[in-house]
1. Answer yes if at least one residue in region 385-392 is within 16 Å of ligand 2 (Cβ to nearest atom) and modelled with pLDDT of 95 or more, and no otherwise.
2. Would you confirm whether any residue within region 178-193 is in the same structural domain as LEU415 (by TED's automatic domain parsing) and more than 23 Å from ASN450 (Cα to Cα)?
3. If I go through region 312-339 residue by residue, how many of them are under 19 Å from the mean Cα position of the chain (by Cα) and crowded, with 23+ Cβ neighbours inside 10 Å?
4. Tell me which of these MET498 doesn't satisfy, since it passes every other one: (1) without any contact (Cβ under 8 Å) to a residue 40 or more places away in the chain; (2) of a type in the set (A, V, I, L, M); (3) surrounded by 22 or more Cβ atoms within 10 Å (Cβ to Cβ).
5. Can you name the number of the only condition in (1) aliphatic (A, V, I, L, M); (2) surrounded by fewer than 14 Cβ atoms within 10 Å (Cβ to Cβ); (3) over 25 Å from GLY213 (Cβ atoms) that ALA300 fails?
6. Among the residues that make up region 444-454, is at least one of them over 17 Å from the mean Cα position of the chain (by Cα) and basic (Lys, Arg)?
7. Just checking, which of LEU435, LEU479, LEU452 is within 23 Å of ILE165 (Cβ to Cβ) and either aliphatic (A, V, I, L, M) or at pLDDT below 95 (or both)?
8. Limited to region 22-45, what total is found for residues that are part of a loop (DSSP other than H, G, I, E, B), surrounded by fewer than 14 Cβ atoms within 10 Å (Cβ to Cβ) and either in contact (Cβ under 8 Å) with a residue 40 or more places away in the chain or more than 16 Å from ligand 2 (Cβ to nearest atom) (or both)?
Amino acid sequence: MKTYLPPKFFVDRDPNRCIQCRVCVNQCTFDAHRYDAEDDEVRSHEENCVGCHRCVLFCPTHALTIRRNPLDYRENYNWRPEVIEDIIKQAETGGVLLTGMGNDKGYRIYWDHLVLNASQVTNPSIDPLREPMELTTYLGRKPDRVEVEQGSPSLKTELAPQVKIEVPVMFAAMSYGAVSINVHESLARAAAEAGTLWNTGEGGLHPKLYKYGDNTIVQVASGRFGVHPEYLDVARVIEIKIGQGAKPGIGGHLPGEKVSAEVSMTRMIPKGTDALSPAPQHDIYSIEDLAQLVYALKEATNYTKPVAVKIAAVHNSAAIASGMVRAGADIIVLDGLRGATGAAPKIIRDNVGIPIEMALASVDTRLRQEGIRSQASVVISGGIRNSGDVAKAIALGADAVYIGTAALVALGCTLCQQCHTGKCAWGICTTDLALTKRVNPDIGTRRLANLLRGWSLELKDILGGMGINALESLRGNRLHLRGVGLTDTELEILGVEMAGN
Ligand code: SF4
Ligand code: SF4
């Protein structure tokens, strides 16, 4: 069938610069550059270009420019080019439209409408270069009060397991199979170097990464891929995944082509078979059921590690979060509508879920109102872009954040949204052995550790500017936030005052 889809990008090859080296042909995994042996010339097939820019970066003579096709359909706010193209795709395939990465719609990004405070005449700011600044965070259930042994500094109160992280930023769940083993290794090593945690996602943990267990969060999802006693034992934290922000209410699907020998061994499923995680956990239909799984995992690991529960941020997150705390979750994870994924139905990704800022504020408020906020740490994810977002999240009530997309961008990802194809030109979202080598774990570790170091330094600057020397003092302190360009209702849900007040 002839496609009615125009190319999304134009590939401009400057003939005065091109030396016909064929680097672009080898780098492009989408067949947008081909060598024509008859004419001894490299030609563009721009209908295949996904705009990943790998060729632009690797062309030794800077001969290539990728331009977005302006697609001059007649202007129509309702029938925008993307809407038209999606209908054409479905008319040609008859299937569900899949996509990778997170929601790219123009929903309000509340981080950009929140501003932080700074000290001026009174309560002077602190110079982070000269004064010690504390970013250390402890994740886990805290007691409402502590009792000390009489005449001794020892605690009488028995503390639930706590996990110390040096920076309030962790790497979000990305499963082996969705991303390559070299990405997992880079995340694990960078987390170890920065004193934080990375998350295996739902695809199990490759045995060669067991040595990073102290910095590892292992996931238990509906598919139970790769879940066995050693997997639980080796981890620092166990996370039960109920939902994720990119596809609330929808299960996972790793196509059989991505289930290589190593992925099959790690996931404990036959090679080449589709790895399907059902939308629900079939043993959880109530908060009581969730409590049973939480305590089964605690029991299996001798009550030595915190158990987290992750949900997608949806309409009733505050009530759900309250139930999760009462079910024994030590850490609550909220994943907002900008959360990314290796593959999701586009219609779900773009139309389900709520902004993480709103979910966080309402969950923190509800847990405080119920007097149970200290019984669980709150971790958020879904579109955290920089240290400013981190600081605002902490002030809104988070204990720490997860970053996924930002970590992949640090590794080279250009958000081309082709993760579901398994052809990632940057070697990130693939299990193809040749492509996997495009991420060198030594370099990947360096880039990720650098990112965390840069954000840590900036966080210290932000705190110092506020006259605060410990992140703990910012946590949930919404007096340090003001809203700009928000309605009264939005300000009320966020629990912040309008700028100028
Ligand atoms: S990589 Fe650049 S110089 Fe080499 S063939 Fe492609 S466009 Fe030409
Ligand atoms: S991970 Fe790869 S395929 Fe996915 S958006 Fe990034 S560059 Fe594209």
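1. The initial filter retains those residues of region 385-392 that are within 16 Å of ligand 2 (Cβ to nearest atom), namely 385.
After this cut, where a residue has to be modelled with pLDDT of 95 or more as well, the list is 385.
So far as region 385-392 goes, yes, one or more of its residues are within 16 Å of ligand 2 (Cβ to nearest atom) and modelled with pLDDT of 95 or more.
2. Here is the first cut: in region 178-193, the ones in the same structural domain as LEU415 (by TED's automatic domain parsing) are 178-193.
When the remaining residues are screened for being more than 23 Å from ASN450 (Cα to Cα), the result is 178.
Yes; the residues of region 178-193 include at least one that is in the same structural domain as LEU415 (by TED's automatic domain parsing) and more than 23 Å from ASN450 (Cα to Cα).
3. Just the residues of region 312-339 that are under 19 Å from the mean Cα position of the chain (by Cα), to begin with: 312-314, 317, 331-339.
Filter again for crowded, with 23+ Cβ neighbours inside 10 Å, leaving 312-313, 317, 331-339.
So the answer is 12.
4. (3)
5. Unmet for ALA300, out of (1) aliphatic (A, V, I, L, M); (2) surrounded by fewer than 14 Cβ atoms within 10 Å (Cβ to Cβ); (3) over 25 Å from GLY213 (Cβ atoms): (3).
6. Scanning region 444-454 turns up at least one residue that is over 17 Å from the mean Cα position of the chain (by Cα) and basic (Lys, Arg).
7. LEU452
8. First, pick out the residues of region 22-45 that are part of a loop (DSSP other than H, G, I, E, B): 22, 28-32, 37-40, 45.
Filter again for surrounded by fewer than 14 Cβ atoms within 10 Å (Cβ to Cβ), leaving 22, 31, 37-40.
The next check asks that each one be either in contact (Cβ under 8 Å) with a residue 40 or more places away in the chain or more than 16 Å from ligand 2 (Cβ to nearest atom) (or both); those that pass are 22, 37-40.
The qualifying residues number 5.
The values are calculated or read from the model by the stated rules, or taken from the named source; none is laboratory data. Since the structure is predicted, the reported quantities are computational estimates derived from the model, not experimental observations. Don't worry about glycine lacking a Cβ; one is built from the backbone with ideal geometry, like all the others, and counts go over all protein chains shown.
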